[in-house]
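Undergrad: Right, I'll just put the structure down here and ask away after.
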Amino acid sequence: MSRIAIVGGGWAGIAAAVALADAGHDICVFEMAPQLGGRARSVAGADPAWPHDNGQHILIGAYRDSLALMRRLGVDPDRVLARLPLALPYPGEPGLRLPPGPPLLGFARGVLAHRGWPLSARLGLLAAAAGWLARGFRCEAGLSVAQLCAGLAPAVQRDLVEPLCIAALNTVAPRASAQVFLRVLQDALFGGAGGADLLLPRRPLSELLAAPAAAWLGPRLRLGRRVQKLEPGWRVDGEAFDGVVLACSSVEAARLTAGLAPGWSALAGGLDFEPIITVYLNSPGSRLPAPMLALRDGPDAPAQFIFDHGQLGGAPGRFACVVSGAAPWVASGGCAEAVLAQAQRELDWATPLVIDRLLTEKRATFVCTPGLVRPPGRIAPGLCAAGDYVQGPYPATLEGAVRSGLAAAQGVGAGAGTGANGAASGSPTNTP
Ligand SMILES: Cc1cc2nc3c(=O)[nH]c(=O)nc-3n(C[C@H](O)[C@H](O)[C@H](O)COP(=O)(O)OP(=O)(O)OC[C@H]3O[C@@H](n4cnc5c(N)ncnc54)[C@H](O)[C@@H]3O)c2cc1C
């Protein structure tokens, strides 16, 4: 048994901690916030029964390791998540809808049945998807999503590619990595029955993982502890460990490794970020035509999606509007008022709609550009990084974070105690 420190208690740190504890290691989780969960947590507000989420989150059926981790901590995903077949309805338009059954067949049937697109657009999308499938969902690393999909009909780009891209990568199609986009499509649409299903939280986000993890970890968790210093050996703020998983943000991981592994630190510290704004609106007694609707964004319309929390089993009359790729709105301000006006224009409300709360996460995700080189999971013997930004096939997502946590646990568990001088390895190897 080795003594291992995990620095950071987001979904990546929780995944690493549980895996290491299950493998028989003596673990200690340092988390600087007063609670676990990182970016995927609830935020206390006026109503203690219904805290807001730090941002509306969507999981999909293909999030295999996140769902397994929830189960490991005693959380039944079917209780805390509503499972819906993939559908992208817009106000007044049914949009693309995948029928139940094998996703590959469902995708073809759903596209062919989409009467909002001309037949040529539907056939063009199916031909493109067949081409992606034939090439194993791989493409040139430097290609953007806009370039990949340039041949598709404008309606398909507007109603499917652009919303999926901004939702999954938080990066607009002209700047987004086609390779990462294809990987998301591959896992969602072609990764087995239910992989494309949308899993929408019915409960406050912290109940999905953070709170059960805190109970499970018990005294192995040190909240409110921002790790200041990491020294070879390994010492975390002077305390000796056989191995360390850095599951904090990339910015903090870069700071802690600056003197130990300058190359790795520079890669982690060089990532750019994109904000996400979530605007909560209230309208008691109102109900959307579906639990989740896509919206068309534009210069005076910030939001791309709106969620009906009452319909999902959450706070009645609460609606979460998601503004991804939100840098322009962070710069200009006025986002909440613009979202309110957009929702008033596009939807019917039983009672006057009011702004409830605006939450901005300035470093919501890294910008997922074509050919981006992300830092590898392995930093040095006995020292691994975990987090949604670590090298891997996924964009910044819960599943990417969890998988990187599992990989880091494996890497550090195997190497713990062997790297007493903590010399940094230069070669990126340990990808999730
Ligand atoms: C608004 C918003 C909406 C999102 N929507 C989705 C979605 O719909 N679907 C999806 O899959 N993903 C979504 N994401 C992304 C998802 O939340 C992240 O990918 C995931 O939570 C990252 O987890 P992590 O553990 O890698 O990092 P974090 O959650 O950032 O965890 C890092 C932790 O380290 C702690 N820490 C930092 N420095 C130190 C230190 N020195 N000492 C101790 N602790 C430290 C932090 O406090 C934090 O708790 C969204 C993110 C945001 C912000």
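Undergrad: Taking the options Gly10, Gly45, Gly38, name whichever one is open to solvent by less than 20 Å² (accessible area, probe 1.4 Å), in contact with a strand residue (DSSP E or B) (Cβ under 9 Å, 6 or more places away or on another chain) and of a type in the set (Gly, Ala, Ser).
TA: Working: Gly45 fails: open to solvent by less than 20 Å² (accessible area, probe 1.4 Å); Gly38 fails: open to solvent by less than 20 Å² (accessible area, probe 1.4 Å).
Exactly one residue qualifies, and that residue is Gly10.
Undergrad: Answer yes or no as to whether Leu88 is touching a His at 6+ places or on another chain (Cβ under 7 Å), of a type outside the set (Ser, Thr, Tyr) and touching a residue at least 40 places away in the same chain (Cβ under 8 Å). Lay out the reasoning, then the answer.
TA: Values: touching a His at 6+ places or on another chain (Cβ under 7 Å): no; of a type outside the set (Ser, Thr, Tyr): yes; touching a residue at least 40 places away in the same chain (Cβ under 8 Å): yes.
No; evaluated as a whole, the condition is false for this residue.
Undergrad: Something else about it: Scan the strands (runs of 3 or more DSSP E) fully inside the stretch 4-118 and keep the ones with 2 or more residues being farther than 27 Å from Arg287 by Cβ and either within 16 Å of the ligand (Cβ to nearest atom) or among the aliphatic types (A, V, I, L, M) (or both).
TA: Of the strands (runs of 3 or more DSSP E) lying wholly inside the stretch 4-118, those with at least 2 residues that are farther than 27 Å from Arg287 by Cβ and either within 16 Å of the ligand (Cβ to nearest atom) or among the aliphatic types (A, V, I, L, M) (or both) span 26-31.
Undergrad: Scan the stretch 238-258 for residues that are farther than 21 Å from Val402 by Cα and more than 9 Å from the ligand (Cβ to nearest atom) and jot them down.
TA: Hits for the stretch 238-258 are Gly238, Glu239, Ala240, Phe241, Asp242, Thr257, Ala258.
Undergrad: Let me ask something else about it. Regarding Val251, is this residue at pLDDT 95 or above and either open to solvent by 50 Å² or more (accessible area, probe 1.4 Å) or part of a strand (DSSP E or B) (or both)?
TA: yes
Undergrad: Based on what the data block shows, is Leu148 more than 17 Å from the chain's Cα centre (by Cα) and not charged (D, E, K, R)?
TA: yes
Undergrad: What residue, among those in the stretch 353-371 that are surrounded by fewer than 20 Cβ atoms within 10 Å (Cβ to Cβ) and within 16 Å of the ligand (Cβ to nearest atom), is farthest from the chain's Cα centre (by Cα)?
TA: So, considering only residues that are surrounded by fewer than 20 Cβ atoms within 10 Å (Cβ to Cβ) and within 16 Å of the ligand (Cβ to nearest atom), the one farthest from the chain's Cα centre (by Cα) is Arg357.
Quick grid of which residues meet (1) outside any strand (DSSP E or B); (2) crowded, with 17+ Cβ neighbours inside 10 Å; (3) free of Cβ contacts under 8 Å to residues at least 12 places away in the same chain; (4) within 12 Å of the ligand (Cβ to nearest atom):
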| site | (1), (2), (3), (4) |
| --- | --- |
| Arg183 | yes, yes, no, no |
| Ala188 | yes, yes, no, yes |
| Ala196 | yes, yes, no, no |
| Leu199 | no, yes, no, yes |
| Ser206 | yes, yes, no, yes |
| Ala211 | yes, yes, no, no |
| Gly218 | yes, no, yes, no |
| Arg222 | no, no, no, yes |
| Val227 | yes, yes, no, yes |
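The values are calculated or read from the model by the stated rules, or taken from the named source; none is laboratory data. Computed from a predicted model, the values in this text were never measured in an experiment. Backbone-built Cβ (ideal geometry, glycine too); neighbour counts: all protein chains shown. These accessible areas exclude ligands, DNA and RNA; they are computed on the full protein's heavy atoms, side chains included. Shrake-Rupley method; radii C 1.70, N 1.55, O 1.52, S 1.80 Å.
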